[in-house]
Structure formats: C-alpha cells, structure tokens
Amino acid sequence: MEEAVPRRDYYAVLGVAPDAAPDDLKKAFRSLAMKYHPDRNPDDPKAEVRFRELAEAWKVLGDAEERRKYDRLGPLYSSDGKPPTSEDLNAFVAEALGGLFRRKGRGDRGEDLRYTLTLSLEEVARGGSRTLHLMRRIECKRCQGSGGEPNGGLKSCGRCNGTGRTPGRRLFRTECPHCDGTGKVVAVRCSRCTGAGVHDEQEAIRVRVPPGVAAGQKLKVRKKGNVGRNHGEPGDLYVLVAVAEHALFRRRGQDLLCEVPITLPEAALGSDLEVPTLDGSTTIRLPPGTPGGKVFRLAGRGLPTHGGRPRGDLHIKVLVEVPSVLHADARAALQRLSTALDDQAHPIRNRYRDALANHRTHAPESPPE
C-alpha cells in the first residue's frame, strides 16, 4: 500500500486561519489570485507556480465537503490520490473569479458614460422622455471592429501562430498579449478608424424620466456607454438628474413650498388669493385676521411619487408685507385705524404685554453701582 504524499498547508497557502469563515476564504483567494494570475505576470514562472498552489488550495477549501475531509486528514489529504490537472484548475479558477479575466477572443467591456441632465420642476412633475445628444465610442462598421481593411487587412499572429494562446509548456496557458487572444493582427489599417477598431460618433439617445424624479438620482441606460476593445460589449450610460431652481417653488421631498406676500388689508379683512401650482394657478380663501406665516396646505398638488403612493402636497405660506413707503393720506389713514382699534383687535399683543408686566414685577432689582 502506497503512502499518501504530504501536501502543503492549504490554509497557509491562502494566508488564513483554519477556522476562517467561507467568505473570508473566498476573499483571500480572490485577492491573491488577482495578484498572481498569469495574465498579469506573463513572464514570471514563480508567480505561475504560486497561482497554481492558490487554485489547488481553493479547489479544496472552497468546497464545504472537501474542506471537512481536509480538516480531518490535514496535509495528507487527497481527494482521489491524483493532483488536479491544469484544465481542472483553469475551469475552477475561472468560476471562482467570476470572469475577471478574459477568455480567448472575448473583448473588454467598454467604459460607462456619465451625463448630467438638468430638469425644471414642471418637467419633474410630468416625467416623460428626453433626447440626449452625446459622443460615444462605437465599433467601426467598415472593419467590423477588427482594425484592418476589409478583404485582406488581417493576418495570422506570428507570436502565437494564430492560436490566440501563449506558446510553450506552461501550467496555465494564457491569452497571447500580441493579438489579445484573437489569433489575428492588423496588416493594413482600416481607413475609417485607422486601425483602432472603434471611433467616436454623436448619437441621439432617448432617456425615460420617471415622474417625481429626485435631484441626484441616477438613470441607467443599458449598453449606451462606450464599446469595448476586441468586440467587447458596451458599457452603460448613467444620467445624473439635476433640478433647476424655481422662481416660485421650493422642493421638500415630494412636497412644494410657495411663499406668497399679502397686504395688511388682505390679512385683516380676508381675501381671495390667487396662488400658483405646477398645473397653472388656483384661488384660496384667506379668512379675516390671517396672521403672517400661516401655511395653507393644498393636498395632492405637489410632485408625483413612486409605487402608486399619493402625490405630495403644496404648502402656501403667506407673508404679510408691511408698507415701507407711505404717502400723507395713507399715513393719516393708518393713524386713524390705530386709534379706532381696541385691545380686542390684538389678543396676541395683549398677552405679550401681560407677560412683560409680570416679568417687571418679579425681576430682581439691579445692584447699586
């Protein structure tokens, strides 16, 4: 009977304690695998060996059942008595890293684009769609993204002999850096994109704006960013919403506040007051004796909300405007009014006077100088 061949301490390989949680194991593996991956270290055989050790350790410790077996047997553990093949480890690592490294012929994902869209409050209330005109990188239609002139602009890569993979005996065969894994290189550059395979072009993009959208909210338009290299899928377009200041309204969530000035006679006698809304204007009734600062709520006249909830409210705050300039007749009229008004006309002022008199009575005497 053959003796089991001792293996390295897989926990030590990943740099974690034997009682490490599964999430900590995966985090440690991903960090080290990113560091030592052959695609990032194409000419470093030590990094390649280190990466294989990491992959082998994760293949065992990343599986709950295999980890329990390993914990019982320690370094003498062997799942089947044979070391895993390079193909096994390649597939296992690719799954664990979640596609962080490209496979043969698969291009890079393109960059995301960002755009700031400024809306008025009326546009926020209505919602709808807006057309944006912006430059984005697209795949060249003349060369279909290859970078070479049609009909003979490409040739077989001399570095990898058209295989798209690095030549030689390696533990992990990696993508050829010369042709990006395509097996082809440009012989004659495309006259439209000068060999880049992509070019910038202005495009009109429609963006749906939901009613009641908030300032700072991001609207995502899928695959309307820049296209990626080597036929990579486009990134996304993120539209950042900004809301312009309004001459009449201030926004508080989905509610609106409007401050409306009124005159002394309107406040004292009452009046019908025209006030603005996002849908036009309406009239509210001011009762006689309306104090400055009083707020009237117009339910459902604010901004729309999401999820079928009721619209916000519109709050009308009245501000009594005291005349700053008086002609002689107006001054005389106010003086007559002041004389005609008795104490019952000013209950708040009367309460203040009573409190002030009480304060004087109980206030301590000032110390002698």
For this session: With r as the distance between the Cβ atoms of Arg285 and Thr361 and R0 = 51 Å, compute the FRET efficiency 1/(1 + (r/R0)^6) and round to 0.05.
Result: 0.75
Problem set entry | Residue-count net charge about Arg349 - beta-carbon cut-off 14 Å; Lys, Arg +1, Asp, Glu -1 | -1
Exercise. What is the gain in length, in nm to one decimal, between Arg142 and His327 on full extension, counting 0.36 nm per residue of separation less the C-alpha to C-alpha distance?
Worked result: 58.6 nm
Seminar exercise, completed: Under the rule rounded for a/c under 1.5, else prolate if a/b exceeds b/c, else oblate, using alpha carbon gyration tensor axes a ≥ b ≥ c, the range 251-320 is classed as prolate
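Ordered by packing density, taken as the mean number of other Cβ atoms within 10 Å over each peptide's residues, highest first, how do 314-327, 141-154 rank?
Working: 314-327: 13.7, 141-154: 16.9.
Per-residue mean Cβ counts within 10 Å order the peptides as 141-154, 314-327.
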For this session: Set the Förster radius R0 to 25 Å, insert the Cβ-Cβ distance between Arg130 and Ala299 as r into 1/(1 + (r/R0)^6), and round the FRET efficiency to 0.05.
Result: 0.25
Exercise. What does the charge add up to near Ala299, with Lys and Arg as +1, Asp and Glu as -1, over the other residues with Cβ less than 11 Å from its Cβ?
Worked result: +1
Seminar exercise, completed: Label model pair Ala64, Asn41: point-to-point distance (7 angstrom along the Cα→beta-carbon line) in nm is 3.3
Problem set entry | Gain upon complete extension [Leu248, Thr118; 0.36 nm per residue less C-alpha separation] | 45.0 nm
Seminar exercise, completed: For the range 177-262, whose charge dipole is built from +1 on Lys and Arg Cβ atoms and -1 on Asp and Glu Cβ atoms, the candidate among Ala196, Gly212, Val243 with its Cα farthest towards the positive end is Ala196
Exercise. Which net charge results for the neighbourhood of Glu149, defined as the other residues with beta-carbon distances under 11 angstrom from its beta-carbon, given Lys and Arg at +1 and Asp and Glu at -1?
Worked result: +3
Seminar exercise, completed: Given pairs Lys184/Lys223; Lys220/Lys317; Lys27/Lys223 and cut-off 31 Å on Cα-Cα distance, the over-length ones are Lys220/Lys317
Exercise. Mind checking which aspartates and glutamates have their C-alpha under 17 Å from Lys69, skipping anything on the same chain fewer than 8 residues away?
Worked result: Asp9, Asp19, Glu56, Asp80
Exercise. Under a 5 Å amide H to amide H cut-off, with H placed in plane at 1.01 Å, what residues pair with Arg252 once short-range neighbours are removed?
Worked result: Leu257
Seminar exercise, completed: In whole Hz, the Karplus estimates of ³J(HN,Hα) for the range 227-234 (6.51, -1.76, 1.60; θ = phi - 60°; x where Gly or Pro) are 6, x, 5, 6, 6, x, 5, x
Exercise. Distance in nm between label sites at Leu257 and Tyr352, each 7 Å beyond Cα in the beta-carbon direction?
Worked result: 2.3
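Rule-based calculations on the coordinates, nothing more; no lab input. The shown structure was predicted, so the numbers you read here are calculated from the model rather than taken from an experiment. FYI the Cβ positions are ideal-geometry reconstructions off the backbone, even for glycines, and counts take in every protein chain you see.
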